[in-house]
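J.: Mind looking over this structure? Questions follow.
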Amino acid sequence: MSSGPYAAQHIPGPAPGPTAPGPTAPGPTPQGSAVPGPGTAPETPLSPFPPLAESLPPLRVVVADDNPVVRAGLGALLSGRADIEVVAEAVDGRQAWDLTLLHRPDVVLLDVRMPGVDGISALPHLVRISPVLMLTYSRESEIVQEALRLGAVGYLVHGEFTADQLVEAVRGTKHGRAHFTASAADALLAHIRQDDPGRRDLLPDGLGAGMTSETTERGTGSQEPAVMDGRPGQFTDAFEHGATEGLSRLQPLVGQSFSIGRSADASNRHQFGLSSREVEIMELIAAGMSNQQIAATCFISEKTVKNHINRIFTKLHCRTRSEAIARWLGTAPGAGAGHFGGR
C-alpha cells in the first residue's frame, strides 16, 4: 500500500443498530382450543336463536254451499290465512262428493239445504273421506241431531260465530275437535236430556238406581222424527232419482216449529216493548242460561248482560228470573193462551 497524503484511508461506517426481530415460534395454545391450519376457515359461531320451524303444508278445505255469496265470502276469509287453502267449491251434495273424492281435503264445510242432493244426504258418504263441519243457516234441533248422528264433527249456524271462531273451528275439525254454536249446543243438550230408562241399566256401580218412575216420567207425546239410516245405497239413489228424501222428511216438522218460535218472539217484542237485543237475552234466560253463559254467547260482558236484564225486568214488571220467564212464556197467573202477561 502506498503511503503519503493520498494513501487510502479507512472511513468508518454507521454503527450497527439493534437486530430486527425474526419470526418467533408459536407459543403454547390455551388448553382445549384448536389452531386452524393453513387454508382452514375459522368456525362459525352458533346462533343464539332457535332454528326456524319447518313450514307445514296448508290445511286444505272444500266448501259446499249453493249460495255464491256465501262461497265467495268463505273463500276470501279462509284463504286469507297463511295456513288454510280453499281447494274447491261445490254447489250441492253431488259436487261436494266428486270434489272431496278428487282433492281429499283436510276439512269439508257443508251446508244443509242445497238443490239436487242436500247436505244431509251427502254427509254419511263424505265423512268416509274427510272430516265434515256443518256450516249452515239450518238451526232446527232435528237436523242438528241427525247431522251429528251421521258423522259431522261439529255444527255452526251462520250469525252465531265470529270470523276468528270459524277459523279456529276449521283448524280444530282436522284434528277431530268438535265445535258448536249456541243453537247447535242447545239441540245437542235437548237430545241428551231425552228420557231413555234403558240407558240407566248401563251405568256402573248401581248409579241412578234410586230414581223412581215418578221422577223420570215426562210423557212428551211427540213422535220420533224420521231420519235416514245412512245406507250407502241411499246416496246413489239420490243421484239417480234426484231425491232429497232424508232432508224432506225432516223439513215439515222443523219448519213449522221454527216459524212458530219466530212469531212468538215478535209478539213478545210488541207486547213488552223489548229491543231486539233484549229479546235475544230474554230467550237465553228462558233457556236456562246463566249471566256468564249469556255473555259468552252474545260476545258481551257480564256487566252489559246485567244491565240488559235490569231493563227487561222493568219492562216485564218482575223482580226475579222465574217471574220474567213465566211472563215471557205466558205461564204467569192469569196469562192465557197467546197472552204474554200484562203490565
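Read-outs: derived from the displayed coordinates by stated rules, not from any lab. None of these values were measured; they are calculated from a predicted model. Here Cβ is always computed from backbone atoms with ideal geometry, including for glycine, and neighbour counts include all displayed protein chains.
J.: I need the calculated FRET efficiency for the pair residue 46 and residue 190, taking r as the beta carbon distance and R₀ as 35 Å, to the nearest 0.05. Provide the component values of the computation, followed by the final result.
T.: On the way: r = 60 Å, r/R0 = 1.72.
Computed FRET efficiency for residue 46 and residue 190 comes out at 0.05.
J.: If r is the Cβ-Cβ distance from residue 158 to residue 306 and R0 is 22 Å, what FRET efficiency results, to the nearest 0.05?
T.: Values: r = 28 Å, r/R0 = 1.29.
Once the sixth-power term is evaluated, E becomes 0.20.
J.: Collect residues whose amide H, placed 1.01 Å from N in the peptide plane, falls under 5 Å from the amide H of residue 90; neighbours closer than 5 in sequence don't count.
T.: Close amide H contacts, sequence-distant or interchain: 63, 64, 65.
J.: Could I ask something else about it? Taking a ≥ b ≥ c as the square roots of the eigenvalues of the Cα gyration tensor of segment 61-115, is the shape rounded (a/c under 1.5), prolate (a/b larger than b/c) or oblate?
T.: Values: a/c = 2.48, a/b = 1.23, b/c = 2.02.
Because a/c hits 1.5 or more and a/b fails to exceed b/c, segment 61-115 counts as oblate.
J.: Please list, in order along segment 278-289, the HN-Hα scalar couplings obtained from phi with the Karplus expression 6.51 cos²θ - 1.76 cosθ + 1.60 (θ = phi - 60°), rounded to whole Hz, x for Gly and Pro.
T.: 5, 4, 4, 5, 5, 5, 5, 4, 5, 7, x, 7
J.: Would you please give the residues with an amide H less than 5 Å from that of residue 135, counting only those at least 5 places away or on a separate chain, with H modeled from the backbone geometry?
T.: Answer set, sorted by chain and number: 110, 111, 156.
J.: So how much slack lies between residue 102 and residue 314, counting 0.36 nm per residue of separation and subtracting their Cα-Cα distance, in nm? Before the final figure, lay out the partial values.
T.: Values: separation 212, 0.36 × 212 = 76.32 nm, distance 5.89 nm.
Using 0.36 nm per residue and subtracting the Cα-Cα distance, I get 70.4 nm.
J.: Need one number: convex hull volume per residue for segment 82-187, Cα atoms only, in Å³.
T.: Details: hull volume 9.6 nm³, N = 106.
That works out to 91 Å³ per residue.
J.: Quickly rank 186-192, 154-160 as a protection proxy: mean count of other C-beta atoms within 10 Å, highest first.
T.: Order by mean packing, descending: 154-160, 186-192.
J.: Also, quick follow-up: Which value in nm describes the separation of the simple spin-label points at residue 129 and residue 77, placed 7 Å from the Cα toward the beta carbon?
T.: 2.4
J.: Can you work out ³J(HN,Hα) from phi for every residue in segment 140-147, in order, using Karplus 6.51 cos²θ - 1.76 cosθ + 1.60 and θ = phi - 60°, giving whole Hz and x for Gly and Pro?
T.: Taking θ as phi minus 60°, the curve returns 4, 4, 5, 6, 4, 4, 5, 4 Hz for segment 140-147.
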